[in-house]
2 protein chains.
Amino acid sequence: MSLLRSVDKNIGAIVKKGRDDLIITENAYRESKKMIASWEEGIRKLQDRWRREGLTQEEIDSLTLAHSHLTMKIQAEIQEYEAIKRGEFDMTCNFENIGQQLVRFRIWKGLSQSELAERLGVTPQQVSKDERNGYARASSEKIRQVLEALGIEVTIQPAWQTASGEK
Amino acid sequence: MSLLRSVDKNIGAIVKKGRDDLIITENAYRESKKMIASWEEGIRKLQDRWRREGLTQEEIDSLTLAHSHLTMKIQAEIQEYEAIKRGEFDMTCNFENIGQQLVRFRIWKGLSQSELAERLGVTPQQVSKDERNGYARASSEKIRQVLEALGIEVTIQPAWQTASGEK
């Protein structure tokens, strides 16, 4: 079953990719779509082979279950990226997830990491690094600068004010 | 006019105090109230003396105008502190004034700088220093910790969402 091993290896690469490179750039987005397409092609070939070897549909399904789950997971990430680009995401955040939100705001505003870096006067590598670790340990001044560079004005208010107006 | 010089010296001390120690602690609040009271006493004595020396009310008013302005300024600060304690202030903020807002939140929650320091596991001196410089260069993680210690949950959202719901 060297084909299955080869598919497993590909899956390993995708899982690793999923961990290292979240889909937060156009490149990662295009690469992920290509990878899913080629991987689905590989699975189809594998299933044909298993069918020729006489495996039942149930056996084939159980063998490809983990792979299907992974495909769905990556497709969900692709769809999420597309939704963010359309501005279809919850824009509310707090001091715990403001870093992740800054990444979404950039994608939504249609700016690449390099374009944001230019506006901030830092290297694209710096923005890439900041985004990959969710702007961990960023100063509030830095967050303010990124929001300004993205042309986004935010308001911060006690949670109950946004909910019910009560203390 | 040595009494006027003495009053001027007192005013100098108050102005300096106003710059160094904003009214953000119970101590500063009580000290400011005491200072205003004793200073008003001084001004009354000065005015009596001027009257005995034959100055007109207009002359006396013009001599004490600057002093009156200063008294009013400090009284306004005292009233602001009292309003914050009652929770009567705009709780909305942004990444430019979040630092000042953290000070107001603490006063409103009725915590002293020492009590906040204890909850944060830092020295009262650290909190005092942070508050005096408006939490400049504080990390978003630090801001999150202070908010948590104060028991305040905030939401951050694009400004237009709080205003009109439009992008």
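The values are calculated or read from the model by the stated rules, or taken from the named source; none is laboratory data. Small disclaimer: the values here were computed from a predicted structure and weren't measured. Neighbour counts run over all protein chains shown; Cβ positions are idealised from the backbone, glycine included. Side chains included, ligands, DNA and RNA excluded: accessible areas come from the protein's heavy atoms. Shrake-Rupley method; radii C 1.70, N 1.55, O 1.52, S 1.80 Å.
Descriptive notes on the structure:
- With a simple spin-label model that places each label point 7 Å from the Cα along the Cα-to-Cβ direction, the separation between A:LYS129 and B:SER38 comes to 5.5 nm.
- 1.4 Å probe, heavy atoms, protein only - residues of the stretch B:137-157 losing at least 20 Å² accessible area vs chain alone: B:ARG137, B:ALA138, B:SER139, B:SER140, B:ILE143, B:ARG144, B:GLU153, B:VAL154, B:THR155, B:ILE156, B:GLN157
- Mean separation of Cα pairs under 8 Å and 6 or more residues apart, divided by the residue count, gives the stretch B:98-156 a relative contact order of 38 percent.
- Applying both filters, DSSP loop and at most 15 other Cβ atoms within 10 Å, to the chymotrypsin sites (Phe, Trp or Tyr not before Pro) of the stretch B:46-154 gives B:PHE89.
- Loop GluC sites (Glu not before Pro), the stretch B:103-167, which have at most 10 other Cβ atoms in a 10 Å radius of their Cβ (DSSP): B:GLU166
- In the structure shown, the pairs A:LYS129/B:LYS129; A:LYS85/A:LYS129; A:LYS45/A:LYS73; A:LYS34/A:LYS142; A:LYS109/B:LYS129 are assessed against 26 Å; a Cα-Cα span above that value is assigned to A:LYS129/B:LYS129; A:LYS34/A:LYS142; A:LYS109/B:LYS129.
- Residues of the stretch A:98-159: accessible area per residue with a 1.4 Å probe, Å²: 45 Å²
- Total accessible area lost when B and A pair, probe 1.4 Å, Å² to nearest 100: 2900 Å²
- Model label points for A:GLU118 and A:ARG144, set 7 angstrom from Cα along the Cα-to-Cβ axis, are 2.6 nm apart.
- Cleavage-rule hits, GluC sites (Glu not before Pro), the stretch A:39-69, DSSP coil, Cβ neighbours within 10 Å at most 13: A:GLU53
- Rolling a 1.4 Å probe over the protein heavy atoms leaves A:ARG106 with an accessible area of roughly 10 Å².
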